[in-house]
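The values are calculated or read from the model by the stated rules, or taken from the named source; none is laboratory data. Not measured: the values here are computed from a predicted model. All Cβ positions, glycine included, derive from the backbone under ideal geometry; neighbour counts span all protein chains shown.
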Amino acid sequence: MGSGHQRAILPLNGLLPLFERSPGCGTVDGSDSAGRAPVARSPSPGTAPMIHTPPGDRRRCRSLTLPNGLRVLLLCDPAADQAGAAMSVGAGSGDEPPDCAGLAHLLEHMLFLGTERYPAPEDFPAYVQGHGGRYNATTELAQTRYFFEIPPARLDGALDRFAQFFIAPRLTESAIVQEREVIDAEYRARRQDDEQRILGVIKQVLDPAHPASRFLAGNRDTLGAAPESLRRALMAFRERHYTATNLRLAVVGAASLDTLERQVRRCFADIPCGTRAAPAAHPPLLPPGSLPLSLALQPTHRCHELRLCFPVPALRPDDYLQPWEYLGQLLAFRGPGSLYGQLMERGWLTDIDGSVLLDTRPQALFQIRLRLTPDGMGHTAVITAAVFACLQRIEADGIADWRHRERQALADQRFRLAATTSTLEFVKSLADQLHRYPVAEALRGPYRLDEFQPRVIRACLARLTPDNLLALTIDPAVRGDRTSPWFPTPYRIAAAPDPGAARWDGALDFTLPPPNPFIMAMPDAKPGEASAPVPRLLRDSGQSRVWYQPLARAPGGHTTLYLNLVAACPTHTLSATVLTELLIAWLERELAAEWQQARAAGLEVALSRHHQGITLRAGGVPEQLDRLLQRLASCLTRTRITAARFDQARQGLQARWYQRQHDPAFRRLLQLPEARLGHGFGDEERLAELATMRRERLQTFRHALLHSLGIDCLMAGPLDGAQAQRLADVLEARLLTGDRPAVERRRPPIVPLQAGQACHYRLEASHPDSAVALYLPGPDASPLQEARYRLLAALLHDPFFHRLRIERQLGYVVLARYLPLHDRPGLILLVQSPSLSVDELQEQIRYFLTAPDAPLPTLDPERFAHYRDGLLQTLQAQQRQPTQQAAQCWADLATGDADFQRPRQLLQAVADLTLEELQRFYQAQLLPSPWVWLHT
């Protein structure tokens, strides 16, 4: 339910999710493994096991245990653009005293607010972000993790500051008072979140002796003790759980393993040793004899769901079979005749998935989640019967060796791709895996699948029965006779489901997934075309423009493909905008089964609207992309839009836009510049227009789009010229017919604003918090303006956060961020507050920018150079990454820059910036620029 500290990556801390990791097995000291996947073997006494690494992984690994008991995994990647580290603590909210909910969450926040060696609360954020890095932390039921990434040259300084979190945090009473208010604001910001409310109702029927039944996020009341008492409680919790033997550290850097080891030993040797306590014994999640049971609850928002939950044995760290994932994939198959397909055809279902909701000891909770239509809510008994009929079908014909081999192939592929994961995501998961798996499996553990064991799958199926069911009906029409605490939700406990009360009257031979046609052998590394610094124009007919860029270092050997379907007809009106979104939703419904299999096979595929049509972004090997493009083109040009499929697409789009209206206010404010200044339209306008749509209008729109279509395409990856030509041929043959004139490419429209103009755009929000954002749009799209706005965002974020959140406690979400509008740079300053009015927040933002002690006019040269160099390092690292190169080239093409000089020009513009020049720009141009106020 709640979680941690998310300052630099996301502006809102989530509330602590109820996920627990099982304790890991023991590790063995000292190992240096070459970048290959060795055959597992049992180590002889006194030697370290070999660490299983992805085939072809260039990184080198070493495990070690410091004298204080801290277990560490080091990875050396000489080509890394970013370094990083993560510390995972084997304790979380489930380990705190029951009468002090939120203590673990509070401690997580406190470690960022100064240590004995670095007492200033802003020291770590300023060091990491000032050098172009990011950091974050989260608290969960049984683990707490802290992590960061930074340019490799700055890793040593970051490690020194990071280690002090676990050696000598200050934990001052004044900071405790401040962060208690922050945690309370975080809690209040999520009180309307339906996922938290659903979990809160489930907690009411769990065994009260199990930690998962408790309120874990914390608020002002549960942390209401006097500051000195809270400080003692924090110190006691830290001394018990934040000991070296209960910590796991992962470090990735460009330096040699010997250098990384010296840095780690120097920085982390003084963490107190302690002893690792045995895991506490917990009762089953639900008291014996309490099932079957039904709960009905009323959500805050327009939400219709049926969740069928089953307590099942907890996942074991040494269980490399992943049976619940196996069953979840079979249940969620989207092909014709599947459970999804049959319920969808009746107009009852919009989505389905099966996954582990709670992973804790000694039981987990497996849920089958069915998102229903309002009509479907009237047939929950029949839908439940359909699910159990499908489970019987799986037991009869779904447990097959060929399915397991297919899953092994996909797991091996994901393991290979793990070698290309971004540092931050990779390192934070790696520290957790050191708790869960033996060190030899720290990299491979999540992807390892052992030999096929049908009895394990059948044993899992045996738990998914009507007499072991906790059923949740989530419907705005529910009228509860009781209210859950913490996240107040009306609910009632209904009669236990009667499995004989309804029968499934549809087909019983539900279609199960066929062999996945997108599974293809990963291409072997082979000499190919050398990487090109910029794309080459492969063909240009006016209707069709195709670029191709060989990249030798593409992640996972994947080719990234960007495709714009460019409409000659107007697409920027409200009607055309909604019709384009509706056409995309229809395509996604028609292609649901195939795209589900494509994504399972490692392809990236996403459709979105752009200002002049539709964009496809896909990633995979050329053979996969060939199949994907052929199927997409065939569907778009030949498949009939049936009334049933049109209704499904419209209902799905309507539900998505309704749900988005209830997103946190700060997220919606971040989208407003595009909606109000970029002619993107708000969700309220889109919903009203969607209600007028009929199938005939969509058919007419599709015909007009195809009749005047142009295509722009960029392919970037380790494909050769012949493969690129083949994909271009597929696109032109399937999408372009006849001799038609060239299509005019137009720049995206932006509302013109005058210097000194103030605009106000109000957002209707369902949450009681006030939220205000000031958006300052750039005057033009030059590299110099982008350099200025990017650097200003970096320079203003830390003082804005420190003054408004830490010092003045004005809000929980406080951020300054670079936010471009199409190709124009922009800067946004945003605050979401549970206590101040919109007018008060506007005044605080205005004062921050214009006061005599405003941060930029008073900035010292050393700090300026620190942040400018950090921005340069970040941009250089991004430009070295193949996926970022492709994304930047595509952005350049969208703005008409076919010379691809923008990245070089941006770097030069940043390098040439001086403090005096930026201060003149701030006073003479930024402050007098149009001020766009966005607020609730």
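I'm told Leu343 meets every condition in (1) without any contact (Cβ under 8 Å) to a residue 60 or more places away in the chain; (2) surrounded by fewer than 19 Cβ atoms within 10 Å (Cβ to Cβ); (3) more than 23 Å from the chain's Cα centre (by Cα) except one. Can you identify the failing condition by its number?
Of everything listed in (1) without any contact (Cβ under 8 Å) to a residue 60 or more places away in the chain; (2) surrounded by fewer than 19 Cβ atoms within 10 Å (Cβ to Cβ); (3) more than 23 Å from the chain's Cα centre (by Cα), Leu343 misses just condition (2).
For the stretch 172-248, list the helices (runs of 4 or more DSSP H) that sit wholly inside it and hold at least 3 residues that are more than 28 Å from Arg492 (Cα to Cα) and among the small types (Gly, Ala, Ser); which are they?
Answer list for the stretch 172-248: 173-189, 227-241.
Cβ-Cβ below 6 Å, separation at least six or inter-chain, first residue in the stretch 285-303 and within 15 Å of Ala477 (Cβ to Cβ), second outside any loop (DSSP other than H, G, I, E, B) and of a type in the set (Asp, Glu): which pairs?
Pro299/Asp194; Thr300/Asp194; His301/Asp194; Cys303/Asp194
Among the residues of the stretch 754-810, which ones are under 26 Å from the mean Cα position of the chain (by Cα) and either aromatic (Phe, Trp, Tyr) or on the phi > 0 side of the Ramachandran plot (or both)?
Tyr775, Tyr789, Phe800, Phe801
Which one of Gln129, Gln143 is within 19 Å of Leu871 (Cβ to Cβ), at pLDDT below 95 and among the polar types (S, T, N, Q)?
Gln129
Mind checking which residues of the stretch 435-468 are in a helix (DSSP H, G or I) and among the β-branched types (Val, Ile, Thr)?
Selection gives Val439, Val456, Ile457.
Select, from Arg197, Arg276, Arg248, Arg238, the only residue that is surrounded by fewer than 20 Cβ atoms within 10 Å (Cβ to Cβ) and not assigned by TED's automatic domain parsing to the domain that holds Leu357.
Exactly one of Arg197, Arg276, Arg248, Arg238 is surrounded by fewer than 20 Cβ atoms within 10 Å (Cβ to Cβ) and not assigned by TED's automatic domain parsing to the domain that holds Leu357, namely Arg276.
Looking only at the stretch 65-91, count every residue that is assigned to a loop (DSSP other than H, G, I, E, B), within 26 Å of the chain's Cα centre (by Cα) and closer than 30 Å to Leu141 by Cβ and tell me the total.
Selection size over the stretch 65-91: 3.
For residues that are of a type in the set (S, T, N, Q) and assigned to a helix (DSSP H, G or I), scanning just the stretch 857-885, find the one that is farthest from Gln908 (Cα to Cα).
Thr883
Under the condition of being among the aromatic types (Phe, Trp, Tyr) and within 23 Å of Gly69 (Cα to Cα), which residue from the stretch 125-180 is surrounded by the most Cβ atoms within 10 Å (Cβ to Cβ)?
Checked the stretch 125-180; the qualifying residue surrounded by the most Cβ atoms within 10 Å (Cβ to Cβ) is Phe148.
Yes or no: Thr577 under 30 Å from Leu343 (Cα atoms) and over 21 Å from the mean Cα position of the chain (by Cα)?
For Thr577, the condition - under 30 Å from Leu343 (Cα atoms) and over 21 Å from the mean Cα position of the chain (by Cα) - is met.
Just name the residue that is surrounded by the most Cβ atoms within 10 Å (Cβ to Cβ) out of those in the stretch 285-328 that are of a type in the set (Phe, Trp, Tyr) and farther than 25 Å from Met377 by Cβ.
Tyr326
Could we say that Arg62 is assigned to a strand (DSSP E or B), more than 22 Å from the chain's Cα centre (by Cα) and modelled with pLDDT under 95 here?
When the stated conditions are applied, Arg62 passes them.
How many of the residues making up the stretch 663-693 are touching a residue at least 40 places away in the same chain (Cβ under 8 Å), surrounded by fewer than 16 Cβ atoms within 10 Å (Cβ to Cβ) and outside any helix (DSSP H, G or I)?
Going through the stretch 663-693 one residue at a time, the tally reaches 0.
Looking at Ile845, is it touching a Lys or Arg at 6+ places or on another chain (Cβ under 6 Å) and under 16 Å from Ala793 (Cα atoms)?
no
Restricting attention to the stretch 469-484, which residues are within 30 Å of the chain's Cα centre (by Cα), under 23 Å from Leu291 (Cβ atoms) and in a loop (DSSP other than H, G, I, E, B)?
Residue satisfying the conditions is Asp475 alone.
I'm checking my understanding of the structure. Among residues of the stretch 811-843 that are surrounded by fewer than 21 Cβ atoms within 10 Å (Cβ to Cβ) and of a type in the set (S, T, N, Q), which one is farthest from Gly678 (Cα to Cα)?
Step by step, filter the stretch 811-843, then rank; the result is Ser835.
Can you tell me which residue among Arg455, Arg444, Arg436, Arg448 is surrounded by fewer than 21 Cβ atoms within 10 Å (Cβ to Cβ), among the charged types (D, E, K, R) and in contact with a helix residue (DSSP H, G or I) (Cβ under 7 Å, 6 or more places away or on another chain)?
Arg448
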